2 protein chains.
Amino acid sequence: MGLDHAVTKPHEQLAAHLAGEMEAVNALIRDRMASRHAPRIPEVTAHLVDAGGKRLRPMLTLASADLCGYDGAYHVHLAATVEFIHTATLLHDDVVDESQQRRGRPTANLLWDNKSSVLVGDYLFARAFQLMVEPGNLRVLDILSNAAAVIAEGEVLQLSAARDLRTDEDIYLQVVRGKTAALFSAATQVGGVISGAPEPQITALYDYGDALGIAFQIVDDLLDYQGDTKATGKNVGDDFRERKLTLPVIKAIAQANDDERAFWKRTIEKGDQREGDLDHALTLLNAHGALDATRQEALAWTDKAKTAMQALPDHPVRRMLIDLADYVVERIS
Amino acid sequence: MGLDHAVTKPHEQLAAHLAGEMEAVNALIRDRMASRHAPRIPEVTAHLVDAGGKRLRPMLTLASADLCGYDGAYHVHLAATVEFIHTATLLHDDVVDESQQRRGRPTANLLWDNKSSVLVGDYLFARAFQLMVEPGNLRVLDILSNAAAVIAEGEVLQLSAARDLRTDEDIYLQVVRGKTAALFSAATQVGGVISGAPEPQITALYDYGDALGIAFQIVDDLLDYQGDTKATGKNVGDDFRERKLTLPVIKAIAQANDDERAFWKRTIEKGDQREGDLDHALTLLNAHGALDATRQEALAWTDKAKTAMQALPDHPVRRMLIDLADYVVERIS
């Protein structure tokens, strides 16, 4: 590529390796997000699509197909499908969370309105389903429509679980699978399926995507309590202020005495937060080793992702995917 | 059925004729709207599903399959798919329109919140796609995923077109196809496709559903200006007050002089409505024969629906579908 010496991060290595195919994915996305009749659709979509993001999910599909020796053209459709599902969920998430910013720009719900975000999201879901039908592979359809259901179910579960102190690690894991891991694992799995890869490789691709997605989300939740604002772009304590029951807090609550329980009940469940509460929360998280335990958990999922890759053939992309798993936890190691 | 003497309306005749299959559809809907993890999902869905409604769309799928001699079990899946898509769009519509009532009950967005309506709607869309994959018929998938895209596109188009005086009859028709006709025509068409019906019959089923859906929506828009509140449950002038550019108004605007244009601009585009405006609007609609012309258009679409049925085999269901087309316009004839 002539740029190899400058490429250090694994997702950049993947992007360089898959540059031609990613261009095809981007062209397909641009083509399919058009609407003959409703110009609002490409306006809203372009706002989000042009803002970039790493395009990690479509790259996972292309990489998996590449790794399994696929030589057709439909991995591009599936990669675009995955990105459309992701974009649709972002639009709906920002409505649900009343978010103001996404990828460093004002959100669509702020620039246009909630109506546009809901309906354009629906349009992108429908376009995703049209795209995924085109390869004519029923197993792929099964995997992606199941992923869409798990995503929506996880989001609904989060509505009720987020501020409920009874939320345990099992429920957290279900929410995380819905929020993040279901689309990661579908993205990798369909890359294998479309290639006609042997069953153990398809299972390994699923396991890799699942574990990578879970590690990714746990890291995100951990950084919210111990991140460096400059590096992460997030403010420490956002999740606390938004009363989200994430893994560190769940672990601390599991070990809480009566006073501590009352503290979490007041701040998270009732939302009555006062000066100094975040500091006290951090003290409790550290006292119970909750941040360390969360970090260990993220590392364990990363190991699981890397182990899964052993079932795949030796190939430059396999190395990049293993590096990607390490990269996800690099910020907390 | 033992009840035949009491059954007079065509949709009731269809319901009686298809009672066993509709029961299977309802059982499948109940089964698939469940969620192991998120009890909010069946709560919200049941609120809407149990409220009833005529189940017209799934009946169209069952009736079409019946008419084409289908003897498998997958028409039940497709009928449930169609109802799930319909229910999902109702949930999202009520958020977008900020509606308070649906089927005589408070809307889900009012009872729970917008978040639940958005996310449970997404879940039902995903469940619909899972269901439609099961018969393993790619053409059916193509038709239903296209319908979902047309529906969402029509809804977005309506956002920008509803209060824009440049909206003409072509745009109105696109919106109506999205709002109503696309799901009607997909419902009838997939009934033919799953039966392996000859191509001209499949086309005729599509045409029937398309024309029926358009007639249905035009009648709705007409009744808003000349309905009997007791019979329709709607208040005369709701669309006017909500500044919706429907067919009667579009026809009146096409013939408006400068003063009249200024009136429509003020009331619909700017939303500055005063005492007596609705009466004046009705005067203008009558002066230009806009209500009569709208009625004629609904009748013409009904004729088109009935003519399409000529391509289908002679069968009791064919008679019921023809009667159904007449019934749709009965309230305005």
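Quick look at the numbers
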item: Filter result (open to solvent by less than 10 Å² (accessible area, probe 1.4 Å) and within 7 Å of chain B (Cβ to nearest Cβ)) within the range A:110-133; result: A:Ser116, A:Val118, A:Leu119, A:Val120, A:Tyr123, A:Ala126, A:Phe129
item: Qualifying positions in the range B:304-329 - within 17 Å of the chain's Cα centre (by Cα), farther than 16 Å from B:Val176 by Cβ and open to solvent by 10 Å² or more (accessible area, probe 1.4 Å); result: B:Asp326, B:Tyr327
item: Boolean, B:Ala79 is open to solvent by less than 10 Å² (accessible area, probe 1.4 Å) and within 11 Å of chain A (Cβ to nearest Cβ); result: no
item: Residues of the range B:49-70 classified as open to solvent by 10 Å² or more (accessible area, probe 1.4 Å), touching a residue at least 60 places away in the same chain (Cβ under 8 Å) and closer than 30 Å to A:Leu157 by Cβ, total; result: 1
item: Positions within the range B:1-19 being modelled with pLDDT under 85 and either open to solvent by 50 Å² or more (accessible area, probe 1.4 Å) or charged (D, E, K, R) (or both), in sequence order; result: B:Met1, B:Gly2, B:Leu3, B:Asp4, B:His5, B:Ala6, B:Thr8
item: Test set (1) at pLDDT below 95; (2) within 13 Å of chain A (Cβ to nearest Cβ) - B:Leu165 fails condition number; result: (2)
item: Test: B:Met22 is without any contact (Cβ under 8 Å) to a residue 60 or more places away in the chain, open to solvent by less than 10 Å² (accessible area, probe 1.4 Å) and within 30 Å of B:Met309 (Cα to Cα); result: no
item: Positions within the range B:21-40 being touching a helix residue (DSSP H, G or I) at 6+ places or on another chain (Cβ under 7 Å) and within 14 Å of another protein chain (Cβ to nearest Cβ), in sequence order; result: B:Arg32, B:Met33, B:Ala34, B:Ser35, B:His37, B:Ala38, B:Arg40
item: Failed item, numbered, when A:Ala88 is tested on (1) open to solvent by 50 Å² or more (accessible area, probe 1.4 Å); (2) in contact with a Gly (Cβ under 6 Å, 6 or more places away or on another chain); result: (1)
item: Qualifying residue in the range A:248-257 (condition: without any contact (Cβ under 8 Å) to a residue 24 or more places away in the chain and surrounded by fewer than 24 Cβ atoms within 10 Å (Cβ to Cβ)); result: yes
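Yes/no per residue for (1) assigned to a loop (DSSP other than H, G, I, E, B); (2) buried (at least 17 other Cβ atoms within 10 Å of the Cβ):
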| residue | (1), (2) |
| --- | --- |
| A:Arg261 | no, no |
| A:Arg274 | yes, no |
| A:Asn286 | no, no |
| A:Ala298 | no, yes |
| A:Thr302 | no, yes |
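The values are calculated or read from the model by the stated rules, or taken from the named source; none is laboratory data. Since we're looking at a predicted model, the values are computed, not measured. Cβ: placed from backbone, ideal geometry, glycine included. Neighbour counts: every protein chain shown. Surface accessibility is based on the protein's heavy atoms, side chains included, excluding ligands, DNA and RNA. Shrake-Rupley method; radii C 1.70, N 1.55, O 1.52, S 1.80 Å.
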